Amino acid sequence: MTQEGFKRKLTAILSADAVDYSRLMAEDETATVKTIAFYREIMASLIKQHRGRVVDSPGDNVLADFSSVVDAVQCAVAVQNEFQSRNAELAESRRMEFRIGINLGDVIDEDNRIYGDGVNVAARLEALADPGGICVSKAAFDQIETKLPLGYEYLGEQSVKNILTPVGAYRVLMQPRVTMAKMPEKEKPVHKRRRTIVVGAVAVLIIFFAVGFWWFYMNRPSVEPASVEKMAYSLPDKPSIAVLPFDNLTGDPEQEYFSDGLTEEIITALSKVPKMFVIARNSTFVYKKKPVKVQKVAEDLGVRYVLEGSVRKGEEKVRITAQLIDALTGHHLWAERYDRNLKDIFAVQDEITMRILSALEVRLTDGEQALIQKKGTNNLQTYLKLLQGIHYSHVVNPENVIKARRIFEEIIAEEPNYAIAYSQIARTYWNEVYLGASKSPKESLRKAADLAKKSLSIDQSLGVSYAYLGHISIMRRNWEKGISLLNQAVELEPNGAESHYLMGLGLSFSGRPEEAIPILQKAMRLNPITPAPYFNVMAIAYRMVDQIDKAIEFLEKGIQRYPNFLFLHLNLSACYILAGREQEAQKEAKEVLRLNPKFSLDRFKKALTLKDQEEKKRFIGALRNAFSVQND
């Protein structure tokens, strides 16, 4: 979006968001909807009374703007005091509190909506506020410091997401400020005492009036809206989301495993929901530590919603912020800050997941909810160890395989019924074979299969274990069993890109390429930053149904992205032969030998697990033609 022709203005922005909204909805949906509708009316009224304007109010959030910072803060104080009074009438578990952030900033005003960094800062300040509290930027503070009878606490320069420079922040104490020098009470003139009483009474009344504004914020368009026309993929027919890696604000790279693990846990939980479309971890983690715009993420990955957040972990405490953005409007659907004991991390993960589903109006069956909330352990230290091991597993090299395996084995020694730990050890043996680092691939696969079976004997809901077992069965030429196991994996992980990929591979190698192609297409859609093997297996399926041009298209695209992935060159050399492009085929064969001078076509033929012997004969024959120049 260009800014030419857009109206700009300097305005006071108020952003408000309900605290623990997902918990309240989960406990009593009807009562929560009634309460928030009533509180929304109060806020809207107070915003209007303070000469403000509600810009948007999606979900449990409110965004408003004012021509005066004084008006905005007075409104916010009135809102918070009004809600405090209303909450006193409710049971403690049913009370609804809000956080409010206020900023003075330059914004784009278009079609009664506001956009820009000024809105983004207000949203970030809201996340810094306490439940029932208000946080303002330094720019806003400078306008109200001497104009309102309130106290303030300086929170320092805060580094906030998508804003290049730190933002000075102040907590509004909502009480009369304490002066440095004060006349003794007995010497204070009577008329001044009366004046003080009057000022205090007026301040209280102002505070009650301010109540209406804050709830509106949550639409904060910190992002320029994404364009459906510019999206690399068509939007799915269900709520689609990309969960970006949570920022590690701890300052210690050694704690990276925790922020990554939290992100992956949320992705995994959402992936089990059939009514959602969830982008795979591999694709969202390419944006890790990059200053990307939500708009671009949505357009690159073809999703409507983006979740971003941050984590600050101490020895016993953790602070997690999360915000869900509707990329098509540029507005935030909700934002929340969780200040909890580290031992409460399981509950926080569930709250974030349920908050997303609630905001997107995705309803779960009891069984689906139980499945996404299953943790496998209540031991925090064991869980943290698991996250460390998984962190190593994602950087696949021989050293990390060994490190991860040792951690998972320690977990099993401490907690022998932790199913996911067995599944993760199985993964290390599988990766060992994939890397060519196993002294005995056959033995490594046997161990992987045994461990996956052990995990399923404890917890039959682990789709990843079914996927490992299914793939190993295909490699052992046990086609029907392999497809059955892979089908179970896909059913348990309807958004599991890897399970879909392995299912497509299994169907192709079992001689069922027509069924494999749509499965592989879904795998690539779930994982848009597609790994190299996906391109290769898709090309195999198209080659098997004699769509050679389509196979070549996928292979060439894969090589553009992964020029050193040997099997893409190998497959392409055969496809070029089948397409009558012999010189190009021989060029690809030379590239295979460059990447692996010890490559043996005979050994490859022996390892190739294609059920269709005619197809295998055709493929190997094409490869022999491609490699004929090297053999002469």
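The values are calculated or read from the model by the stated rules, or taken from the named source; none is laboratory data. No experiment lies behind these values; they were computed from the predicted model shown. With ideal geometry, Cβ positions are generated from the backbone for all residues, glycine too; neighbour counts draw on all protein chains shown.
Of note:
- Scanning segment 595-607 for residues that are in a helix (DSSP H, G or I), within 18 Å of Leu435 (Cα to Cα) and not aliphatic (A, V, I, L, M) yields a count of 2.
- Condition check for Glu443: in contact with a helix residue (DSSP H, G or I) (Cβ under 7 Å, 6 or more places away or on another chain), surrounded by fewer than 23 Cβ atoms within 10 Å (Cβ to Cβ) and acidic (Asp, Glu): no
- Test: residue in segment 288-305 that is under 14 Å from the mean Cα position of the chain (by Cα), outside the structural domain of Ala16 (by TED's automatic domain parsing), modelled with pLDDT of 90 or more and more than 28 Å from Ser57 (Cα to Cα): yes
- Evaluating Gly314 against the criteria (1) touching a helix residue (DSSP H, G or I) at 6+ places or on another chain (Cβ under 8 Å); (2) modelled with pLDDT of 90 or more leaves one unmet condition, (2).
- No other residue among Leu357, Leu333 is buried (at least 21 other Cβ atoms within 10 Å of the Cβ), under 21 Å from Pro131 (Cα atoms) and touching a residue at least 60 places away in the same chain (Cβ under 8 Å) apart from Leu333.
- Options Thr365, Thr377: the member that is buried (at least 17 other Cβ atoms within 10 Å of the Cβ) and either in contact with a helix residue (DSSP H, G or I) (Cβ under 6 Å, 6 or more places away or on another chain) or free of Cβ contacts under 8 Å to residues at least 60 places away in the same chain (or both): Thr377
- Restricting segment 387-429 to residues that are touching a residue at least 24 places away in the same chain (Cβ under 8 Å) and assigned to a loop (DSSP other than H, G, I, E, B) leaves a set whose member that is surrounded by the most Cβ atoms within 10 Å (Cβ to Cβ) is Tyr418.
- Single residue of segment 246-275 satisfying the filter (out of contact with any strand residue (DSSP E or B) (no Cβ under 7 Å at 6 or more places or on another chain) and not in a helix (DSSP H, G or I)) that is surrounded by the fewest Cβ atoms within 10 Å (Cβ to Cβ): Gly251
- For segment 51-87, the set of residues classified as in contact with a Leu (Cβ under 9 Å, 6 or more places away or on another chain) and either assigned to a strand (DSSP E or B) or charged (D, E, K, R) (or both) consists of Gly52, Val54, Val55, Asp56, Asp60, Asn61, Val62, Leu63, Ala64, Asp65, Phe66, Glu82, listed by residue number.
- Scanning segment 453-465 for residues being crowded, with 18+ Cβ neighbours inside 10 Å and either among the basic types (Lys, Arg) or in the same structural domain as Glu265 (by TED's automatic domain parsing) (or both) gives a total of 1.
Each row is one residue, and each column tells you yes or no for (1) surrounded by fewer than 20 Cβ atoms within 10 Å (Cβ to Cβ); (2) modelled with pLDDT of 95 or more; (3) assigned by TED's automatic domain parsing to the domain that holds Lys275.
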| position | (1), (2), (3) |
| --- | --- |
| Leu435 | yes, no, no |
| Leu451 | no, yes, no |
| Ala467 | no, yes, no |
| Gly482 | no, yes, no |
| Glu493 | no, no, no |
| His500 | no, yes, no |
| Leu507 | no, yes, no |
| Glu515 | yes, yes, no |
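- Under the condition of being in contact (Cβ under 8 Å) with a residue 12 or more places away in the chain and either hydrophobic (A, V, I, L, M, F, W, C) or over 16 Å from Asn400 (Cβ atoms) (or both), the residues counted in segment 430-443 number 4.
- Enumeration of residues in segment 286-310 that are free of Cβ contacts under 8 Å to residues at least 60 places away in the same chain and within 24 Å of Lys385 (Cβ to Cβ): Lys288
- Boolean, Ala322 is in a strand (DSSP E or B) and among the small types (Gly, Ala, Ser): yes
- 3 or more residues touching a residue at least 60 places away in the same chain (Cβ under 8 Å): qualifying helices (runs of 4 or more DSSP H) within segment 495-585: 497-509
- Index of the failed condition, Ile474 passing every other in (1) in contact with a Lys or Arg (Cβ under 8 Å, 6 or more places away or on another chain); (2) assigned to a helix (DSSP H, G or I): (1)
- Against the conditions (1) acidic (Asp, Glu); (2) outside any helix (DSSP H, G or I); (3) closer than 13 Å to Ser22 by Cβ, Glu351 satisfies every one except (2).
- Hey, Leu568 outside the structural domain of Lys238 (by TED's automatic domain parsing), surrounded by 22 or more Cβ atoms within 10 Å (Cβ to Cβ), within 29 Å of Arg304 (Cα to Cα) and of a type outside the set (S, T, N, Q) or not: no
- All conditions in (1) more than 20 Å from the chain's Cα centre (by Cα); (2) within 23 Å of Pro253 (Cα to Cα) hold for Thr377, with the sole exception of (2).
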